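A quick write-up on the structure given underneath.
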Amino acid sequence: MNFDRWANRIYGEKDFGRSISTTLSGIVGLTTYLLSKDWVMSAFVTIIVFPLFRIVASALHTRWREVHKQKLLALEAQKTIQKFSPEEKEVIKAFVDAGGAALTYSQVNRSDLSVSAIESLVQRGILFNTFLSDCTTEAFVMKTEVFDMGQQAFPKIQSPHINAPSVESDEVPF
């Protein structure tokens, strides 16, 4: 057995789940051996618990990475949104509150949004004049990247009772 190759393979591992499961299954195997003085049982326990530890460690690491990624995206969105003027932020927030990256001219005209802020966003290449899919309604369309950042920066506060069934209801929320 080539010990150097084996050690290099274990310690050079880049897979987080495998690294953690190797360590934990080794600890469990050693503990089993110290308690039972039976190396065969210790080997079987180590082999059996390794995949279980790998699945759990990989799942937890994936979850942690996803949560960390979302936090970084939200922080990046906040930093990017801070570069806009307060009036420009209000325009971005109006799109987020409307629920989409497009607002018709009539929606914009009914709002109290600053015309100069809208024009500023047009000049920055964030808002565009266009026709909607019906080919008759004129609208402003926001770059989807900025709209997504706006959603991160200005999350909508939803009422907790919107999707929740009443106590008397037998309805299962999905």
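Points worth noting:
- Cα-based reach from Lys89 at 20 Å (exclusive), listing lysines while leaving out same-chain residues under 8 positions away: Lys79, Lys143, Lys156
- Put a plus charge on the Cβ of each Lys and Arg, a minus charge on the Cβ of each Asp and Glu, and nothing anywhere else: the dipole of segment 84-140 about its Cα centre is then about 100 debye.
- Distance histogram for segment 3-78 (every C-alpha pair counted, 10 angstrom bins, percent rounded to whole numbers): 19, 33, 27, 13, 6, 2
- Residue by residue, segment 54-59 carries 3J(HN,Hα) couplings of 5, 4, 5, 5, 5, 5 Hz when phi is fed to the Karplus relation 6.51 cos²θ - 1.76 cosθ + 1.60 (θ = phi - 60°); x denotes Gly or Pro.
- Computed extension gain for Ala43 through Leu73, at 0.36 nm per residue and net of the alpha carbon distance, reaches 6.4 nm.
- Our note on the geometry: Cα centres of segment 24-59 and segment 65-109, 50 Å apart.
- Contour excess over end-to-end distance, with Cα ends at Gln123 and Glu87 and 0.36 nm allotted per residue: 11.5 nm
None of the figures in this text is laboratory data; all of them are computed from the coordinates on show. Source: prediction; values computed, not measured. Note that each Cβ is placed from the backbone with ideal geometry, even for glycine, and that neighbours are counted across all protein chains shown.
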